[in-house]
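What follows is a single structure, written as structure tokens, with notes after it.
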Amino acid sequence: MRERLPVWLQARCGVEPRTVGAVAVVLLVAVGCAAQQFWSARPQPVTAPAVIAPAPAPVPVAAAAPAGGSAGGPAPPGGARIVVDIGGKVREPGVRRLPAGSRVEDALAAAGGVRPGTDTTGLNRARVLVDGEQVLVGVPAPAPAPPQSPAHPLSPPGGGVGPGAGPLSLGTATVEQLDGLPGVGPVLARHIVDFRTARGGFRSVEELRQVNGIGERRFADLRRLVRP
């Protein structure tokens with residue numbers, strides 16, 4: 001390689017084999033670095049990122065209609081129950097707790113069913129039950145209570161003794177009952193009760209004369225209306 005260099009360069013630099021080897025090594029290193037940089041700068045495939053769908057917007061609670069209920073109305077409390085009394089000709093009569101909205105048919109099933117031969121013609125099995133209701137199967141409906149007769153026009157006020165009533169007991173009568181006796185007002189009735197309390201009761205109707213405020217004439221009006 002030395003022979004290929006110009007003569008003036010050979011004479012000026014005094015190229016030696018050792019120098020040429022060093023220059024060759026430097027050139028090889030430079031070529032290697034250039035090749036490494038070219039390889040690093042080459043275009044590389046890039047994977048596109050996955051597309052993430054946006055989360056659905058939450059549905060407002062107030063806008064959702066409750067299941068089994070009317071839109072805009074409050075939902076019935078979950079697990080609500082009613083208590084009914086099932087009696088009559090059923091296999092297992094008694095008090096049962098059923099889900100709200102149950103019908104008579106559900107109550108009969110909870111009581112073990114109707115006994116064989118029971119007439120259920122007048123029983124509406126599809127009727128919706130209410131809390132605290134009593135269901136009677138095969139039992140005649142109780143007769144309505146007879147209307148009370150109006151008070152006797154001559155009966156004294158305060159629940160006292162009137163015509164046709166028995167004598168009033170002086171030992172157990174209240175102030176209101178004694179106030180209903182003819183000629184006895186609230187003050188005299190209180191005197192009678194105080195006398196009874198102090199004496200421990202009345203042993204005879206004659207002791208009524210000793211009460212303050214009862215004279216002979218008033219005693220004569222009361223003796224037929226009271227008893228000890």
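The values are calculated or read from the model by the stated rules, or taken from the named source; none is laboratory data. Treat the numbers as computed from the prediction; the structure is a model and nothing was measured. No Cβ is skipped: glycine too gets one built from the backbone with ideal geometry, and neighbour counts run over all protein chains shown. Only protein heavy atoms, including side chains, enter the accessible area calculation; ligands, DNA and RNA are left aside. Shrake-Rupley method; radii C 1.70, N 1.55, O 1.52, S 1.80 Å.
The table for this structure:
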read-out	value
Those residues of segment 176-193 which are loosely packed, with under 13 Cβ neighbours inside 10 Å and not in a loop (DSSP other than H, G, I, E, B), in sequence order	Pro186, Val187
Matching residues, segment 107-119, being open to solvent by less than 70 Å² (accessible area, probe 1.4 Å) and on the phi < 0 side of the Ramachandran plot	Ala107, Leu108, Ala110, Ala111, Val114, Thr118
From Pro77, Pro66, residue being part of a loop (DSSP other than H, G, I, E, B), open to solvent by less than 60 Å² (accessible area, probe 1.4 Å) and at pLDDT below 65	Pro66
Residues being surrounded by fewer than 13 Cβ atoms within 10 Å (Cβ to Cβ) and either over 21 Å from Gly166 (Cβ atoms) or among the aromatic types (Phe, Trp, Tyr) (or both) - total across segment 214-228	3
Some residue of segment 143-151 being in a loop (DSSP other than H, G, I, E, B), modelled with pLDDT of 90 or more and under 35 Å from the mean Cα position of the chain (by Cα)	no
Test for Pro99: is it surrounded by 10 or more Cβ atoms within 10 Å (Cβ to Cβ), under 21 Å from Ala126 (Cβ atoms) and modelled with pLDDT under 85	no
